[in-house]
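Report on one structure; see the data block that follows.
The values are calculated or read from the model by the stated rules, or taken from the named source; none is laboratory data. Not measured: the values here are computed from a predicted model. Ideal geometry is used to build each Cβ from the backbone, glycine not excepted, and the neighbour counts take in all protein chains shown. Surface areas here come from the heavy atoms of the whole protein model, side chains and all, with no ligands, DNA or RNA. Shrake-Rupley method; radii C 1.70, N 1.55, O 1.52, S 1.80 Å.
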Amino acid sequence: MNWVKAVARIGYRQVKNLARLVMGRRVSFPPLGSMTLDADDVQLAQQWLKEKAEWYRNDEIEQYHHAFASWNGSEYAFSFMGARVALSAAIYALGLEPDDEVILPGYTCVVVPNAFHFAGVKTVYSDIELDTYGLDASQIEDKITPKTKAILLHHLYGLVCRDYEATIEMARKHNLFVIEDCAQSTGAEYKDRKVGNWGDVAIYSSERSKIFNTIQGGIAATNNSQIAQKLREFHEQAPFPDPTQVDKLLHNVVIDYYRFKHPQQWLIGDIVSLCYRDKIITSTTQEEEQGVRPSYYGQKLPAPLAALGMNQLKKIDRYNESRRQTALKWDRWCDIAGYRKPVKVPDSTPTYLRYPVRVEAYKKKNRVWARKELGIEPGIWFKGNLHPTNIEINSCPNADDAVDKCINLPSIVLE
Ligand SMILES: *Cc1c(COP(=O)(O)O)cnc(C)c1O
């Protein structure tokens, strides 16, 4: 974006902020992005910016894999530049081939079906339930054909999905692999074991809007040594992002901290964004949204982001606990306002990345009410069945309902 346009946009926003300040309204809202970045992460990023020669050091990366696996209660973990890439690794590891079919929820991120399409695997969508927005196990069997090889189940918003065991049982009965998409629920537990450890292979995300944050990043984890061997193969041949990109990623740690977490984010965030506007990166390009495989797709995490990931892991339990506390507050709000609370499955410990609630469709379209009544800016995951696109899929009425009505409330509220 050019300088003049950027200044104009920021100027416009700051005029609005000033007006809000004059009227005694709030100018900053609880973060929906980079929620777990703190000053120590900024320091770490600044340190690594000075140590360019160390950016592709393998020991740091290996250490991160062990740290994540051990924290997650998994045998093996491998890091990539996104959960989407971790999914591509999982598809490779399971030996899925062109013309195989996978069943997945009709309410997901477009990068999930993309990973299958990049491998030639056909995606078959199945509807979700509206208790936890996971696959409705009772609707899966109809979708199974002789070509079906795997089911991808997900745990959204930090919840543990309602039909977790039923879906896995269904897969076992039909001899199908289970891929768990834990991108939004890192650290959530079911029967005292972290999600992702129940299926064959799981993916986790450390993208900036997720439970923990390396700006971009993802993990593939498994407890199966044969699958792990294949994941390792994929990891070994995966390229690293080039130094220009690593430099940008590290700068985004600094930028995001000032945009989302600094107490004066409403002003300083804009100034920092303006100064570093050429460094700001987005996770998904428009082309990728349309299903085009980016040229840089398939990379693995470099050492500085692995170090950041390890630093984030030190704080993840504390942040998840505070999310659960905030969820209690939103539970009370739902009771008073007459909305249905997301279901906390028995024996589960959710992590509430965001607190999902279905409100009237017009309240999802125009969310000014939330600023006024709740002092927050709600998120709108998902705005399409294949977020963030409006690509149409076969009929999934519950998923469509969630697309129309489900907003999500921030789960980290700063003092
Ligand atoms: C964010 C997300 C992904 C992709 O994660 P990246 O790390 O951005 O590739 C996959 N699935 C779900 C449910 C997500 O929310």
Quiz item: Which pairs have Cβ atoms under 7 Å, sit 6 or more apart or on different chains, and link a residue in the stretch 104-131 that is over 21 Å from ILE144 (Cβ atoms) to one that is of a type in the set (Val, Ile, Thr) and away from the ligand (no atom under 16 Å from the Cβ)?
Solution: ASP131/VAL343
Self-check item: ASP163 being open to solvent by less than 30 Å² (accessible area, probe 1.4 Å), within 21 Å of GLY187 (Cα to Cα) and acidic (Asp, Glu)
Solution: yes
Quiz item: Only one of (1) over 23 Å from THR36 (Cα atoms); (2) touching a residue at least 40 places away in the same chain (Cβ under 8 Å); (3) exposed (fewer than 14 other Cβ atoms within 10 Å of the Cβ) is not met by GLY375, so which one is it?
Solution: (1)
Self-check item: Selection count where residues are surrounded by fewer than 16 Cβ atoms within 10 Å (Cβ to Cβ), outside any loop (DSSP other than H, G, I, E, B) and hydrophobic (A, V, I, L, M, F, W, C), scope the stretch 9-35
Solution: 5
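Here are some residues: ILE140, ILE128. Which one is surrounded by 22 or more Cβ atoms within 10 Å (Cβ to Cβ) and more than 15 Å from the ligand (Cβ to nearest atom)?
Details: ILE128 fails: more than 15 Å from the ligand (Cβ to nearest atom).
Residue meeting the stated conditions: ILE140.
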Exercise. Just one of (1) among the polar types (S, T, N, Q); (2) in a loop (DSSP other than H, G, I, E, B); (3) open to solvent by 10 Å² or more (accessible area, probe 1.4 Å); (4) touching a Leu at 6+ places or on another chain (Cβ under 8 Å) trips up THR145, so point out which.
Key: (4)
Self-check item: Residue in the stretch 58-65 that is within 26 Å of ILE151 (Cβ to Cβ) and within 16 Å of the ligand (Cβ to nearest atom) present
Solution: no
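Just to confirm my filter: which helices (runs of 4 or more DSSP H) fall fully inside the stretch 36-105 and include at least 3 residues that are open to solvent by less than 60 Å² (accessible area, probe 1.4 Å), out of contact with any helix residue (DSSP H, G or I) (no Cβ under 6 Å at 6 or more places or on another chain) and among the small types (Gly, Ala, Ser)?
Details: elements: 39-49, 58-72, 83-93.
Answer list for the stretch 36-105: 83-93.
Name every residue in the stretch 188-219 that is at positive phi, open to solvent by less than 10 Å² (accessible area, probe 1.4 Å) and either in contact with a strand residue (DSSP E or B) (Cβ under 9 Å, 6 or more places away or on another chain) or within 9 Å of the ligand (Cβ to nearest atom) (or both), in order of residue number.
As a first pass, look at the stretch 188-219 and keep what is at positive phi: 191-192, 196, 215, 217.
Restricting the remaining residues to those that are open to solvent by less than 10 Å² (accessible area, probe 1.4 Å) gives 196, 215, 217.
Correct list: GLY196, GLY217.
Among the basic types (Lys, Arg) and modelled with pLDDT of 95 or more: which single residue out of ARG84, ARG13 fits that description? Full working, then the answer.
Working: ARG13 fails: modelled with pLDDT of 95 or more.
Exactly one residue qualifies, and that residue is ARG84.
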